[in-house]
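Here's the structure, in structure tokens; my notes come after.
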Amino acid sequence: MMHYASARTQDRIVAAPLYDSDTERLQVYILSDFTDVAGGGRIGVDVGWTWYDFDGHALSSPRHEVVTMSGLDARLVYDVSTRPSDAHFDAATRGGYLHVVVAFDLDGIPPPPPPGDDDQRPRRHRHRRANEHFLSPASLRHAPLRDPGLGITPIPPAPPDDGWRFDVHCAGPGVAAWVSVEHPDDVVGYFAEILAGATQEVPSIGFWMRPGETRRLRFQMASRSSPSSSSQRPPPAVPWWERVKVRSMWDSMAS
């Protein structure tokens, strides 16, 4: 899980939700580490955030803001007190979590065109990249979590991609907090996802899901081990993709 959290927070542009439990104040910053923006250019960043309760219902209308970043930059986009006396915030008293999504365009140069292509010049293209962040101000130890009814369905590879995909379902009645998808130890790789509105994959587990939500992950396999001739352990009778498991905080707290 920590590897995925590190990948999420080390993207070129990320959201940084900060909660101070002493002052009960929540702030969300957008951070950029683009040191190579030419000519003092600007980067437009779409930021959206929504509060949900632990049953998956929106506590407020979704908020959206376009932030202009100037390379190496930090911008405050949300600053709120979570005290019950604050009329603009009731998630703390009703129980809830914040979901922040950041999206931005990234220019790049694709691989060289195939032999026989008349135009051999590199063609610049634009990628839409997105990442997401979650925060619950209240301790989940006292949160009214309920069984999220998690399930997972393997999807066989389809040309031209040879990777397995997995649909993760949240049937409810509760939200799934910090979903972890775990592959068996005889394969090595990671799970990735194209978030809504993006064109590039990002490593993705450790997210929250609402009842009725489905997320499709692709497994990027790095290697697959095979039992040696001297191994006393027989090969698994069940294929690796049927041994992928999904769990959330509910499983840890209920066990």
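Structure summary
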quantity: Options 172, 149: the member that is crowded, with 18+ Cβ neighbours inside 10 Å and either charged (D, E, K, R) or under 13 Å from residue 250 (Cβ atoms) (or both); calculated: 172
quantity: Number of positions in region 1-40 that are modelled with pLDDT under 85, surrounded by fewer than 17 Cβ atoms within 10 Å (Cβ to Cβ) and of a type in the set (Asp, Glu); calculated: 1
quantity: Count of residues meeting criterion [of a type outside the set (A, V, I, L, M) and assigned to a loop (DSSP other than H, G, I, E, B)] in region 155-177; calculated: 10
quantity: Near pairs, Cβ below 9 angstrom, 6+ apart or cross-chain, from region 156-179 (farther than 14 Å from residue 192 by Cβ) to any residue that is polar (S, T, N, Q) and assigned to a loop (DSSP other than H, G, I, E, B); calculated: 170/248; 175/248; 176/248; 177/136; 177/248; 178/248; 179/248
quantity: Unmet criterion (only one of (1) surrounded by 14 or more Cβ atoms within 10 Å (Cβ to Cβ); (2) small (Gly, Ala, Ser); (3) outside any strand (DSSP E or B); (4) at negative phi) for residue 180; calculated: (3)
quantity: Search result, residues across region 131-154 that are farther than 15 Å from residue 204 by Cβ, modelled with pLDDT of 95 or more and in a strand (DSSP E or B); calculated: 150, 151, 153, 154
quantity: Odd one out for residue 82 among (1) surrounded by 15 or more Cβ atoms within 10 Å (Cβ to Cβ); (2) polar (S, T, N, Q); (3) more than 17 Å from residue 207 (Cβ to Cβ); (4) modelled with pLDDT of 85 or more; calculated: (4)
quantity: Out of 229, 204, sole residue that is modelled with pLDDT under 95 and loosely packed, with under 10 Cβ neighbours inside 10 Å; calculated: 229
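The values are calculated or read from the model by the stated rules, or taken from the named source; none is laboratory data. Just so it is clear, the structure is predicted and the values come from calculations on it, not from any experiment. Don't worry about glycine lacking a Cβ; one is built from the backbone with ideal geometry, like all the others, and counts go over all protein chains shown.
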